[in-house]
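Okay, structure first, notes after.
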Amino acid sequence: MSRIQLSISVSDFDAAVAFYSRLFGAAPDWLRLARLARVLSWLTLAWMGIEGGVAIGAAIAAGSVALLGFGLDSGIEVQRTAESFFRVAPPVRVRRGVSA
């Protein structure tokens, strides 16, 4: 599977998506799916943060090394989820004609 990634700064993001969709023959469904993936990543990040916090709190209260390991493992999962944002996010953020 080959992949082309373009890093562009445009004033009209919707027009650019339409242009490149026609150019490469790809439907703009990727944009909707990328937004859905971002929402799911945020939900996963929140869940893992709560899970890790509760596990570490319970480990301190119970003096359990196993619970502490579980809580630290949740911290690693939070890191991996945060890294997935960079895979899903476009390389250049464009919001209503303003590029950042």
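In segment 10-29, the residue that is modelled with the lowest pLDDT out of those that are among the small types (Gly, Ala, Ser) and exposed (fewer than 15 other Cβ atoms within 10 Å of the Cβ) is Ala27. For beta carbons closer than 6 Å, sequence separation of 6+ or different chains, a first residue in segment 80-94 that is modelled with pLDDT of 65 or more and a second that is aliphatic (A, V, I, L, M), the qualifying pairs are Thr81/Leu45. Within segment 30-44, residues that are part of a helix (DSSP H, G or I) sit with their Cβ atoms under 8 Å from residues that are among the β-branched types (Val, Ile, Thr), at 6+ positions apart or across chains, in these pairs: Leu31/Val17; Ala34/Val88; Ala37/Val88; Arg38/Val88; Ser41/Thr81; Ser41/Val88; Thr44/Thr81.
Taking the conditions exactly as written (out of contact with any Cys (no Cβ under 8 Å at 6 or more places or on another chain), surrounded by 14 or more Cβ atoms within 10 Å (Cβ to Cβ) and in a helix (DSSP H, G or I)), does Gly52 satisfy them or not? First the steps, then the outcome.
Details: out of contact with any Cys (no Cβ under 8 Å at 6 or more places or on another chain): yes; surrounded by 14 or more Cβ atoms within 10 Å (Cβ to Cβ): yes; in a helix (DSSP H, G or I): yes.
Against the criterion (out of contact with any Cys (no Cβ under 8 Å at 6 or more places or on another chain), surrounded by 14 or more Cβ atoms within 10 Å (Cβ to Cβ) and in a helix (DSSP H, G or I)), Gly52 qualifies.
The values are calculated or read from the model by the stated rules, or taken from the named source; none is laboratory data. Everything numeric here is computed off the predicted structure, so don't read it as measured data. Neighbour counts are summed over all protein chains in view; Cβ atoms, including those assigned to glycine, are modelled from backbone coordinates with ideal geometry.
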